[in-house]
Amino acid sequence: MKPYQLSGLSFLLYLYRNGVSGILGDEMGLGKTLQTLALFQYLKEHDPPSARGAEKRPFLVVCPLSVLSSWAAEAARWTPNLKVVRYHGPAQERERLKKVVEGIKDRFGNELGPVHHNKKRKTTRTKHGAPLISLDSESDPDKQSDGAGPDLVVTTYETFQSEQNWFNRVFVWRYVVLDEGHKIKNDLSQVSMALQRMKGEYRLILSGSVLFLLFSPISRRGDDLINITAHLSRTT
């Protein structure tokens, strides 16, 4: 990581240690995704929920469809020990992924839990017999063998809106991260109201422009800022 990215990571850790949600605003292409993933990896290694006697709480990233695959690719490249699920697709695929996220089944349909550990597990293999690994870290059979479910779930704003009841019910998420989070500056939009009901320990907003509020009409700037900071205060 470059020095300014390490400074960003230090800032995120400072917020976490003080129990505060926040905004990471920087120009596009300067590594907000990497800094966020590094935060998740650090917390997984140095402050796992099990060490505090808490239940497993995955991280959740809600992002535009255009960067959904980028999150999975960046996680595979920089934080390969994070188990990632891309929660997206038609209704049948989402139902399958729900069982993966909840730790009921792995991505191959094998049931997880002590009573199933002795069963022969299905894997996807190449024509030479080697396990097939894709960009998703969830695709690595070795990472799914512990049956603990993913560390990180990445989804789109549209998918989240369609499945908001499940997202609200399944976990109290450890982090709820909104990529291009200025989308919620209109507190009356359907996706903004759905996100306001989310249960999460911490919230983090990523913005590709630190000046995004300046592009709002002058009469709206104060309201937009209030709406965004109000979202950060909604933690569980």
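Which entries in Lys105/Lys183; Lys32/Lys105; Lys44/Lys98; Lys2/Lys99 show an alpha-carbon gap greater than 30 Å?
The pairs that break the limit, which is 30 Å between Cα atoms, are Lys105/Lys183; Lys32/Lys105; Lys2/Lys99.
Name the residues whose placed amide hydrogens come within less than 5 Å of the amide hydrogen of Asp26, ignoring near sequence neighbours (fewer than 5 apart) on the same chain.
Excluding prolines and chain starts, which carry no amide H, the hits are Ser207, Ser209, Val210.
When a/c is below 1.5 the answer is rounded, else prolate if a/b is larger than b/c, else oblate, so apply that to the stretch 67-112 with a ≥ b ≥ c taken from the square roots of the Cα gyration tensor eigenvalues. Intermediate results must be reported in sequence, preceding the final value.
Details: a/c = 3.28, a/b = 1.45, b/c = 2.26.
Judged from the Cα gyration tensor, the stretch 67-112 comes out oblate (a/c at least 1.5, b/c at or above a/b).
How would you classify the stretch 1-77 from its alpha-carbon gyration tensor, with a ≥ b ≥ c the square roots of the eigenvalues: rounded for a/c under 1.5, else prolate if a/b is greater than b/c, otherwise oblate?
Working: a/c = 1.84, a/b = 1.31, b/c = 1.40.
Oblate is the answer for the stretch 1-77, as a/c is 1.5 or above yet b/c matches or exceeds a/b.
Hey, can you rank 59-72, 82-95 by average C-beta count inside 10 Å, highest first?
Working: 59-72: 19.3, 82-95: 16.4.
Highest-to-lowest ranking by the protection proxy: 59-72, 82-95.
Where a number appears in this text, it was derived from the coordinates with a stated rule and is not lab data. Predicted model, so just to flag it, every value in this text is computed and none were measured. Neighbour counts are summed over all protein chains in view; Cβ atoms, including those assigned to glycine, are modelled from backbone coordinates with ideal geometry.
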